[in-house]
Number of protein chains: 2
Amino acid sequence: MIKPKELAAERQKSLGEYIRDRGVVRIEDLSREFDISSATVRRDLEILEEQGRIRRVHGGAMALESRLEEQMFDDKASIAFREKRRIAEKAMTMICNSETVYLDGGSTVLELARLLVNRTDITVVTNSLRAAVELSGRGPRLILVGGELRRLSQTTVGSWTRCLIEQIHVDKAFMGTMGLSFPEGTTTTDPNEAYTKELVMSRSAKTILLADSGKAGKVVFAKSGDIENIHTIITDKKFPAHLAKLFKKQGITLEQV
Amino acid sequence: MIKPKELAAERQKSLGEYIRDRGVVRIEDLSREFDISSATVRRDLEILEEQGRIRRVHGGAMALESRLEEQMFDDKASIAFREKRRIAEKAMTMICNSETVYLDGGSTVLELARLLVNRTDITVVTNSLRAAVELSGRGPRLILVGGELRRLSQTTVGSWTRCLIEQIHVDKAFMGTMGLSFPEGTTTTDPNEAYTKELVMSRSAKTILLADSGKAGKVVFAKSGDIENIHTIITDKKFPAHLAKLFKKQGITLEQV
DNA sequence: AATATTATGATTGATATTTATAATTTTTTG
DNA sequence: CAAAAAATTATAAATATCAATCATAATATT
């Protein structure tokens, strides 16, 4: 039985998938597995690298999917996905007709964005590229906040964001966070991101924090918001009681779903 | 079993379906299966590719990945793909080290974006959501222009875009267009989009227009740029000679690839 | 029926792809 | 640190595919 050689383009696709599956492969293996010369493997890898699909290393190639990004955004697989969705569902009920809302970055807020694809009555302002993509096809009127894209969070941050945010006013801002504690408030890893968050909260009538209990008590590098600026926190049942008490004492509405 | 010879158009339809079913086919197989010469197969494939129904590759043809997704945005990316990619490749050679470039919307410019995934030395400013997504993983420093998202083009437009664009200055702006004619210049369907385009061109040292020959002589609703503001036009060989002459007389560099 | 138009298939020089080999670079090992 | 091993790049030859051309067949037009 003579197996007809694969088409070059077809083979390159297969090669890419093969590499994605294994993570790393040596040229020797690819050459044997696909029954092509090492020169051809090299040329294919070169093409795949140009397309940004893989990264070539001495002796072979690596799959090029930033594990960090995957973990951060590998939607359904992430831990606490259920909690996050319930939190997002609760958040949605708080959006009234023809309101203008702000959507921050983070996986919980992204869940909220997904729930808004049929809300054509509202206006969404966001600095989250992922949220924007979710809502780009149909749904709310969508306003993107410009600025430099921060790769890790896939949000626009920095001084450019000011130009637009300073000119708007939203009814409700739905914010994510890395850490939530008392009395530090909300904290995040990147100062630019923190700055943008504070700015948004200052332009919003109400600030609603979406934070699963995993964030409770955590403090990371940069402060992104004062306790006083938060109106509502939506979290899950596992949120520590002592923290809940402290926040309530501050006049914050704390919803546990 | 001898089939009565099909009509050309009919056969092309069958060919298209055959390719969609298999995903990938080589010309040899199509020639045998449909009992036509390889020359005819090639001609048919050329037509099918022009219509954006398949993608031709060396040795055969491939079905397009996700037809549904593409059509969602009224995507013209797959028609005249070859011309568009060649134009984009030419455009890429014009981007020098550590430059800052602007990427407009449109399928040709989107092709250019795809070629920039490994250019970590440059900075890209764009109002195109799709270009942003292409470059969001890795590659150039990426700055998004904020504003209201126009669904059809997937670009941000309108007065919000001003806040950021007015504060920047780019080395080269790579612009798309719906129509290109003389003496009208570039035209597009949406006035907001036209406004944003003009603004960008005023903030760029050089404006490079990426326009396949299908745009030549077309005039649509809103004027998006004067002839005088264009420095270079990159188009394909089929660009009408009389228009080419006129543009060159205006001092515009016209590259036909 | 005569003619023009278009489609097809064969031919061929031009391109593109693959492989093998030699030269160079990088990595490993003693 | 240098020699050996391995991998990459560069080059050239062999092969396969493509695009242009032209003669012929099929179809449409007058």
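The values are calculated or read from the model by the stated rules, or taken from the named source; none is laboratory data. Keep in mind the model is a prediction, meaning the values are calculated, not measured. A quick note on method: Cβ atoms are made from the backbone with ideal geometry, for glycine too, and the neighbour counts reach across all protein chains shown. Each accessible area value is taken on the protein alone, full model and side chains, heavy atoms only, with ligands, DNA and RNA left out. Shrake-Rupley method; radii C 1.70, N 1.55, O 1.52, S 1.80 Å.
Can you list the residues, at least 5 places off or on another chain, whose amide H is less than 5 Å from the amide H of B:Val25, using H built in the peptide plane?
It is B:Ala61, by chain and number.
Among DSSP beta bridges whose residues both lie in the protein assembly as shown, state the antiparallel percentage, nearest 5. Spell out each step's value before the answer.
Numbers: 38 of 86 bridges.
Roughly 45 percent of the beta bridges in the protein assembly as shown run antiparallel, per DSSP.
Considering every residue in A:94-104, what mean count of other chain Cβ atoms within 10 Å of its Cβ is obtained?
0
Considering protein heavy atoms only and a 1.4 Å probe radius, which residues within the stretch B:145-183 exhibit an accessible-area decrease of no less than 30 Å² in the full assembly relative to the chain by itself?
SASA drop of 30 Å² or more in the stretch B:145-183: B:Gly146, B:Gly147, B:Glu148, B:Leu149, B:Arg151, B:Trp160, B:Cys163, B:Leu164, B:Gln167.
Counting every Cα pair in the protein assembly as shown, what percent are over 33 Å apart?
Numbers: 64446 of 131841 pairs.
Tail of P(r) above 33 Å: 49 percent of Cα pairs.
Could you give P(r) for the stretch A:152-233, binned at 5 Å from zero, as whole percent values over all Cα-Cα pairs?
All Cα pairs, binned at 5 Å, distribute as 3, 16, 27, 27, 18, 7, 1 percent.
Out of the GluC sites (Glu not before Pro) in the stretch B:134-220, which ones are loop residues according to DSSP with at most 14 other C-beta atoms within 10 Å? Display every interim value, and only then the final one.
Details: sites: B:Glu134, B:Glu148, B:Glu166, B:Glu184, B:Glu193, B:Glu198; in loops: B:Glu166, B:Glu184.
Sites meeting the loop and neighbour criteria: B:Glu166.
Just list whichever of A:Lys13/A:Lys84; B:Lys90/B:Lys215; A:Lys90/B:Lys197; A:Lys13/B:Lys172 have alpha carbons separated by over 29 Å in the model shown.
Numbers: A:Lys13/A:Lys84 35 Å; B:Lys90/B:Lys215 18 Å; A:Lys90/B:Lys197 41 Å; A:Lys13/B:Lys172 33 Å.
Flagged as over cut-off: A:Lys13/A:Lys84; A:Lys90/B:Lys197; A:Lys13/B:Lys172.
Over the stretch B:81-256, what percent of the accessible surface lies on carbon and sulfur atoms, probe 1.4 Å?
On the way: 3330 of 6800 Å².
Answer for the stretch B:81-256 is 49 percent, counting heavy atoms of protein chains only.
Taking only the Cα atoms of the stretch A:117-197, how large is their convex hull per residue, in Å³? Provide the component values of the computation, followed by the final result.
Values: hull volume 8.8 nm³, N = 81.
Spelled out: Cα convex hull of the stretch A:117-197, divided by residues, is 109 Å³.
Specify, per residue and in Å³, the volume enclosed by the convex hull of the alpha carbon atoms belonging to the stretch A:8-65. Please report the intermediate quantities before stating the final value.
Working: hull volume 3.8 nm³, N = 58.
Residue-normalised Cα hull volume stands at 66 Å³.
Hey, could you grab the Kirkwood Rh for the stretch A:73-256? Inverse mean 1/r over distinct alpha carbon pairs, Å, one decimal. Please list the in-between numbers first.
Details: mean 1/r = 0.0622 Å⁻¹.
Taking every pair of different Cα atoms in the stretch A:73-256, averaging 1/r and inverting gives 16.1 Å.
So in chain B, what percent of DSSP beta bridges are antiparallel if you round to the nearest 5?
Details: 17 of 41 bridges.
Antiparallel: roughly 40 percent of the beta bridges in chain B.
Could you give the longest part of chain A that holds none of the trypsin sites (Lys or Arg not before Pro) found in DSSP loops with at most 13 neighbouring Cβ atoms within 10 Å? All intermediate terms of the calculation are to be shown ahead of the outcome.
Values: sites that count: A:Lys5, A:Lys76, A:Arg138, A:Lys237, A:Lys238.
Answer from the scan: A:139-236.
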